[in-house]
Structure formats: structure tokens, C-alpha cells
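Reading through the C-alpha cells given below for one structure.
What follows draws every value from the coordinates through simple rules; no lab data is involved. The shown structure was predicted, so the numbers you read here are calculated from the model rather than taken from an experiment. Note that we place each Cβ from the backbone using ideal geometry, even for glycine, and neighbour counts take in every protein chain shown.
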Amino acid sequence: MITLALLTALGQEHELAMHVAAALRNGVTREQIQEVLLHCAVYAGVPAANRAFAVAQQVFDGLDAPSTGSTVPAVPVADQEGKG
């Protein structure tokens, strides 16, 4: 959960998606992830937390969708552009 907070504060959305999925696999609940991100709004700023909530929701949606065989939800192409 500390990793989620740090990645949120640093604006590392691509890495955050991977770690949200890993946290869920390791038994962290969606509600716990949301609480971490809400806490980040106070210390890292609302814009950073809003982006993190959007990333987490994409991961949740990817896990709720019918399986495509991938264990890690894909990051939309639009989010990958311009990131190195």
C-alpha cells in the first residue's frame, strides 16, 4: 500500500496500474486501495489522487471484464503515448 501511495505522489500511472493489480492478487481489497488513494489526495494533491483513482478503476474494470488470457490489465494506447 505504501508503494501505491508513492507511485500516486510521483505521478507514475503506468507503474501504478501494475501495482494495483499486484496488490489485489496479494489480498488487498478494492476498498483498501481506494482508502490509500483518498489519503494521497491530502498529501500529494487532488489531481494526483484523481489520476490514480482513474488508473485503479481501469484495473478494476479490466479484472471485471471477461478474461482475455492476460493477467495484467492493458494500459490504453492513449495513456502510453509520450511516456518513456
Subject >> the stretch 2-77: relative contact order as a whole-number percent, Cα under 8 Å and 6+ apart >> reply: 37
Original post:
When the chain is fully extended, how far beyond the present Cα-Cα distance does Q34 get from D64, taking 0.36 nm per residue of separation?
Top reply: 9.1 nm
**OP:** State the three equivalent ellipsoid semi-axes of the stretch 2-77, derived from the C-alpha gyration tensor as the square roots of 5 times its eigenvalues, in descending order and whole Å.
**Re:** 21, 13, 10
**OP:** Take V46, V28, V36, V55 and order them by how many other Cβ atoms sit within 10 Å, fewest up front.
**Re:** V46, V28, V36, V55
Original post:
Under a point spin-label approximation (7 Å from Cα along Cα-to-Cβ), what is the V42-A54 distance to one decimal in nm?
Top reply: 2.5
